[in-house]
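We did not get these values from a lab; they are worked out from the coordinates using the rules stated. Here the structure is a predicted model, which means the values were calculated and not measured. Cβ: placed from backbone, ideal geometry, glycine included. Neighbour counts: every protein chain shown.
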Amino acid sequence: MATWTTAGQGGVTFLRVALALQTSSLLFQAVTAGMLLSSAHGAVLHDVGSRVMYGASMLYVLAAVLAWRPGGGSPRPILYASGFLVLASVQVVLGIAHMPSLHVPFGVVMFTLSVLALGQVLFPFPKRSGTRS
């Protein structure tokens, strides 16, 4: 039984790291978006950051699957991670299409969702018991 617990904890740690990387890359994207207004280097950094962010979103999906499979936990993180990968894909399309009126607010929504998901993984709510007092 200890083997399953250890595998599950390792999967959760990988999930935390992947989600932290995704959130950090989204923060970097926000910073470089601001740099676009004042520097030529902002465009290059934002482009590179978008690739890292997309890769981090794919890593988040992989981590969610690995955290679920060995531990037998809830598949809900896989749904969140897959949904976020879809959001990241839409965001990339909006950026390539040069639609800042949608790209910028969508980026804010993505960062907010990523911070919330990271908080949920780092500080999970305690499980309720079946009895009421």
Using all C-alpha to C-alpha distances in the stretch 29-110, build P(r) with 10 Å bins and read off the rounded percent in each one.
18, 43, 24, 12, 3
Using the basic label-point model (7 angstrom from Cα toward the beta carbon), what is the Thr112 to Ala43 distance in nanometres?
3.0 nm
